[in-house]
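Here is the structure we will look at, set down as structure tokens.
The values are calculated or read from the model by the stated rules, or taken from the named source; none is laboratory data. Just so it is clear, the structure is predicted and the values come from calculations on it, not from any experiment. Methodologically, a virtual Cβ is constructed for each residue, glycine included, from the backbone with ideal geometry; neighbour enumeration extends over all protein chains shown. We work out accessible area using only protein heavy atoms, side chains counted, and drop any ligands, DNA or RNA first. Shrake-Rupley method; radii C 1.70, N 1.55, O 1.52, S 1.80 Å.
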Amino acid sequence: MAQPLVKKDDDRDEEVEYSPFFGIEKGAVLQEARVFNDPQLDPQRCSQVITKLLYLLNQGEAFTKVEATEVFFSVTKLFQSKDLGLRRMVYVMIKELSPSADEVIMVTSSLMKDMTSKTDMYRANAIRVLCRITDGTLLTQIERYLKQAIVDKNPVVSSAALVSGIHLLQTNPEIVKRWSNEVQEAVQSRAALVQFHALALLHQIRQNDRLAVNKLVSSLTRGSVRSPLAQCLLIRYTSQVIRESANNTQTGDRPFYDFLEGCLRHKAEMVIFEAARAITELNGVTSRELTPAITVLQLFLSSSKPVLRFAAVRTLNKVAMTHPTAVTNCNIDMESLISDQNRSIATLAITTLLKTGNESSVDRLMKQITNFMSDIADEFKIVVVEAIRSLCLKFPLKHRSLMNFLSNILREEGGFEYKKAIVDSIVILIRDIPEAKETGLLHLCEFIEDCEFTYLSTQILHFLGIEGPKTSDPSKYIRYIYNRVHLENATVRAGAVSTLAKFGAMVDGLKPRIFVLLRRCLFDTDDEVRDRATLYLNTLGGDGAVVETGADVKEFLFGSLDIPLVNLENSLKNYEPSEKPFDINFVLKEVKTQPLAEKKAPGKKPTGLGAPPPGPPSTVDAYEKLLSSIPEFANFGKLFKSSAPVELTEAETEYAVNVVKHIFDSHVVFQYNCTNTIPEQLLENVTVLVDASEAEEFAEVASKPLRSLPYDSPGQTFVAFEKPEGVPSVGKFSNMLRFIVKEVDPSTGEAEDDGVEDEYQLEDLEVVAADYILKVGVSNFRNAWESMGSDFERVDEYGLGPRDSLAEAVNAVIDLLGMQPCEGTEVVSPNSRSHTCLLSGVYIGNVKVLVRLQFGLDGPKDVAMKLAVRSEDETVSDAIHEIVASG
Amino acid sequence: MELCPSIKNILLLDSEGNRVAVKYYSDDWPTNSAKEAFERAVFTKTQKTNARTETEITMFDNYIVVYKFVQDLHFFVTGGENENEIILATVLQGFFDAVGLLLRGNEDKREALENLDLILLCLDEIVDGGVILESDANVIAGKVDSHSMDAGAPLSEQTITQALATAREHLTRSLLQ
């Protein structure tokens, strides 16, 4: 009975929020800091004030520059006190304030005195503070002391100097590198942490010298390292050495493997684990090499410590991706982890099991997971869903139970990302496992009956429209779809109308019923829904007659939009209402290369619904606008492609010039972007003289000079060439910048009246075959390839000669062709001996081209390539071969 | 790959997720609000778990966080996703035990705040700029405590006025509480 009462008291105490810092206020503390200036210092009180200041900083309170300086100066006064505890706080305070260079001078002498003091604690701390706040110049003054400190007999002092060395190496490498001998001596220290710090520093000093690292590793692996932390370091260095020497020893035993294996029997857990992990991460590790590592990790799985279980299961999870069979021995231990208190461990265990499990264990596993799903967070659930998807693709026969599982969890509570992961998985399973289609579609139908996410509903409706009509009994989906028209918001209703129309177009037997439903939609309250219904009724011939649906109608309903949406949006924005209707054929089709940031997220490949690549904003329309505004170029027709800018000058020259190649059907325009980097000059009448003697098929037809080019404001000059229509003419052009230069008075900014004519040699420019191909991706390469047909297929084999690597050869060919790599096939997995790369593009004259490249290593370095081209025109297929043959 | 084991931060929060003392060694969280957001995320993710007997571990946003709770104090150590989990746990254990020694077994928020100077010194002794300085709790506590001992020790050498001043200081401190 007494206990609850006591508890209540505690509660009340907490409400008052007792704290020695209660009501603390910055201004007041700064006032208090004046005690630092007292002639008669009170160390206790000063310590308290410093603690208060540190408390404020720690809580995120920011000091203004003035406040910080003021505090810093008063703190420096405290060096007068001999009080150890206070001095210790002063050190921390100075580090927290991170003073500026001119302030540092104030404390340098005090700190240097402490650094040579007899008290070890002073020496160690003064070194750390001084090295933290110092700059290069001061460092040379104290270098001598630091070198001594490294080999000091007190381990704390030695460690302080070594750790400071590790930090200083980033800013002043040339100085720290001179300490090699002392550091080497410290590696032999008997003190565990000194050895650790010395080893870390020594390796960093030598990291660019492979031979030295090699020597360091081979001498230390013979066993003189005592500290577990240092041993972990040594394991990391060793695996680095193994990685780098892998190429030299193709056969036989791996060097240093014995050392790693020996570390598995070390007494410290951190070393055992570090070694086990290093072994699992060896390049091309064999199962014989893996076994001892897996064995120790398996022991960790049943440890009482969550950290060990987590570390082991996380490592095994990674191993399971490449060597699933090696991990199967641990399956029993892993299964018991499914109910682990720690949900991170449980999730890792499940996903590992899903990777290693065999067909017979799937059902049992699913039962266990079902119990577990309800009490983990969404992000873990997504991981599980993805693992189940790949399991289902591995064991298609199990699709029934796995699909059931997915549909069950689809019905439970969950956020958008989680639901989307499930829907995506079901969609992929429907696509890849034909037997799963009908049940899968029905699961999706049931889901949209009660789906709160508009995005998912519309995506599913769209998918139903494509897959539903192809099933054995399309009529059973109609009810689900038409229910949406009654019950949902306008976006979903419009989606449902489109889906209904697709059923009507594909299934003639359903047509009359669809017409009835579509006509009802004509009375919808929303414009878009009504418009769609009207449109579809008209295109499908909804006047009652049951007619065969025409091919163009099907194309209209099912054909994909092969134009990046962003380009379409820009063109529509630029369109001005006039007599001329908007023509979709004039919208650019080229996909600009995506910024790197978007490509970074691996495993987030657009696989499921809504996979169309996001069309990033392009500069293409800007070019189009610019060129069409110049009368000389107005009659060139539609711009086919603009290249990325090519630099024609070195960086940091007087004049910076780059060029953009604009390709038209029978013309090429070079746009020279010039920047004048000399403040004292004004350039006028800037032109580029182009010598096209090495480009026989080109004839100069027009040029547009740049009237004036002031300092640092870029301008453009253009030169246009005529070339044979529709032919991918190539050639080399040499360029000379010609201009009149006028002196500018920097003080007034006024130019003199008289100028001097001058020339400036630019680098050569080439028009290559790749300039005539647009990077246009396709969403499903295999479909596009099949539907293109083999009529104009051209296949040939090429030897590419010795190459650095397969990846280098693949990139070279992609660059040569200037086409869009599809389905991530531009990435070559390391160590593979063959690779297939898929490319797509549009050739000048608007001819679609698909390319399948098969690379193989022929001999140690020689790369051979088989090139298969399909296009809508045999001359284009031949042209592609010609590009490769001559490239 | 980062070859030297490195610590991203060490956090000591109370049972509501407020800071008692924190120390960041990495630029991953450039502003105070980014730091606070991280602390909130860590706290909410871990608050329902039982990390009182064994050190627990979790992973999120590509960080590994090991943590241990006692009374109303929550201890955290964060490392990168490729860090050896056991090294992180060793650092956490060193911090946790050292604080226990310094607070003489009374590990709670009030005691921690009252001895904040010791906690801050303790953080200073464990990690320097991300590099592990010491992970043995006895050594850490020894280094921190030697100062406070030294400060109190030469009481006999103090003048009477100073001794009185110290006594008064102690008195006011306890009265203020």
Inset, instruction - Take the range A:848-867 and flag every residue that is surrounded by fewer than 19 Cβ atoms within 10 Å (Cβ to Cβ) and in contact with a strand residue (DSSP E or B) (Cβ under 8 Å, 6 or more places away or on another chain). - result: A:854, A:856, A:857, A:858, A:861, A:862, A:864, A:866
Inset, instruction - Could you look through the range A:625-654, keep only residues that are of a type outside the set (Asp, Glu) and in a strand (DSSP E or B), and pick out the one that is most open to solvent (accessible area, probe 1.4 Å)? - result: A:646
Inset, instruction - May I ask you to verify whether residue A:512 is closer than 20 Å to residue A:443 by Cα and either within 43 Å of the chain's Cα centre (by Cα) or surrounded by fewer than 16 Cβ atoms within 10 Å (Cβ to Cβ) (or both)? - result: no
Inset, instruction - Determine which member of the set A:210, A:222, A:226 is within 31 Å of the chain's Cα centre (by Cα) and surrounded by fewer than 24 Cβ atoms within 10 Å (Cβ to Cβ). - result: A:210
Legend entry - Sole residue being more than 15 Å from residue A:32 (Cα to Cα), at pLDDT 90 or above and open to solvent by 10 Å² or more (accessible area, probe 1.4 Å), chosen from A:57, A:97, A:84: A:57
Legend entry - Answer residue from the range A:298-327, given it is assigned to a helix (DSSP H, G or I), more than 14 Å from every other protein chain (Cβ to nearest Cβ) and closer than 20 Å to residue A:383 by Cα and is nearest to the chain's Cα centre (by Cα) among those: A:321
Legend entry - Yes/no for residue A:348 being away from chain B (no Cβ under 14 Å) and either open to solvent by 60 Å² or more (accessible area, probe 1.4 Å) or in a helix (DSSP H, G or I) (or both): no
Inset, instruction - Name the residue, out of A:701, A:657, A:668, A:688, that is outside any loop (DSSP other than H, G, I, E, B) and either of a type in the set (Gly, Ala, Ser) or open to solvent by 20 Å² or more (accessible area, probe 1.4 Å) (or both). - result: A:701
Legend entry - Matching residues, the range A:187-203, being among the small types (Gly, Ala, Ser) and open to solvent by less than 10 Å² (accessible area, probe 1.4 Å): A:198, A:200
Inset, instruction - Looking at (1) assigned to a loop (DSSP other than H, G, I, E, B); (2) of a type outside the set (S, T, N, Q); (3) open to solvent by less than 20 Å² (accessible area, probe 1.4 Å), find the lone condition where residue A:845 falls short. - result: (3)
Inset, instruction - Please list, ordered by first then second residue, the pairs with beta carbon atoms under 8 Å, 6 or more apart or interchain, first in the range A:281-305 and open to solvent by 60 Å² or more (accessible area, probe 1.4 Å), second of a type in the set (Ser, Thr, Tyr). - result: A:281/A:239; A:287/A:325; A:302/A:336; A:305/B:55
Legend entry - All positions within the range A:216-236 that are of a type in the set (Ser, Thr, Tyr) and under 20 Å from residue B:88 (Cβ atoms): A:227
Inset, instruction - May I ask you to list the residues in the range A:90-113 that are within 14 Å of another protein chain (Cβ to nearest Cβ), within 23 Å of residue A:155 (Cβ to Cβ) and not hydroxyl-bearing (Ser, Thr, Tyr)? - result: A:92, A:95
Inset, instruction - Within the range B:102-127, work out how many residues are away from chain A (no Cβ under 11 Å) and closer than 13 Å to residue B:70 by Cα. - result: 4
Inset, instruction - Kindly state which helices (runs of 4 or more DSSP H) lie completely within the range A:119-184 and contain at least 1 residues that are surrounded by 20 or more Cβ atoms within 10 Å (Cβ to Cβ) and within 13 Å of another protein chain (Cβ to nearest Cβ). - result: A:120-133, A:155-171
Inset, instruction - State whether the residues of the range B:96-104 include one that is at pLDDT below 90 and open to solvent by 40 Å² or more (accessible area, probe 1.4 Å). - result: yes
Inset, instruction - Using the structure shown, decide if residue A:479 is over 26 Å from residue A:437 (Cα atoms), open to solvent by 40 Å² or more (accessible area, probe 1.4 Å) and assigned to a helix (DSSP H, G or I). - result: no
Legend entry - Scan of the range A:704-729 for residues that are open to solvent by less than 30 Å² (accessible area, probe 1.4 Å) and over 24 Å from residue A:745 (Cα atoms), ordered by number: A:717, A:718, A:719, A:720, A:721, A:723, A:729
Legend entry - Unique residue being open to solvent by less than 50 Å² (accessible area, probe 1.4 Å) and outside any helix (DSSP H, G or I) when the list is B:41, B:37, B:51: B:51
Legend entry - Output for the range A:388-405, where each listed residue is crowded, with 21+ Cβ neighbours inside 10 Å and within 29 Å of the chain's Cα centre (by Cα): A:388, A:389, A:392
Legend entry - So residue A:233, is it out of contact with any Lys or Arg (no Cβ under 7 Å at 6 or more places or on another chain), without any contact (Cβ under 8 Å) to a residue 24 or more places away in the chain and within 14 Å of chain B (Cβ to nearest Cβ): no
Legend entry - Of residues in the range A:535-555 being open to solvent by 60 Å² or more (accessible area, probe 1.4 Å) and closer than 26 Å to residue A:488 by Cβ, the one modelled with the lowest pLDDT: A:538
Inset, instruction - Please go through the range B:54-91 and pick out each residue that is assigned to a helix (DSSP H, G or I) and more than 9 Å from every other protein chain (Cβ to nearest Cβ). - result: B:91
Inset, instruction - Please work out which one of (1) in a loop (DSSP other than H, G, I, E, B); (2) more than 43 Å from the chain's Cα centre (by Cα); (3) more than 11 Å from chain B (Cβ to nearest Cβ); (4) surrounded by 13 or more Cβ atoms within 10 Å (Cβ to Cβ) is the condition residue A:20 fails and give its number. - result: (3)
Legend entry - Cross-chain or 6+ apart pairs with Cβ under 8 Å, the range A:77-99 first and on the phi > 0 side of the Ramachandran plot, then surrounded by 19 or more Cβ atoms within 10 Å (Cβ to Cβ): A:98/A:133
Inset, instruction - For the range A:280-297, enumerate the residues that are closer than 27 Å to residue B:135 by Cβ and more than 14 Å from every other protein chain (Cβ to nearest Cβ). - result: A:293
Legend entry - Scan of the range A:35-54 for residues that are open to solvent by 40 Å² or more (accessible area, probe 1.4 Å) and more than 11 Å from chain B (Cβ to nearest Cβ), ordered by number: A:37, A:38, A:39
Inset, instruction - State the number of residues belonging to the range A:406-434 that are charged (D, E, K, R), surrounded by 18 or more Cβ atoms within 10 Å (Cβ to Cβ) and farther than 14 Å from residue A:387 by Cβ. - result: 2
Legend entry - Residue list for the range A:63-81, restricted to those being more than 13 Å from chain B (Cβ to nearest Cβ), within 23 Å of residue A:25 (Cβ to Cβ) and open to solvent by less than 40 Å² (accessible area, probe 1.4 Å): A:68, A:69, A:71, A:72, A:74, A:75, A:78
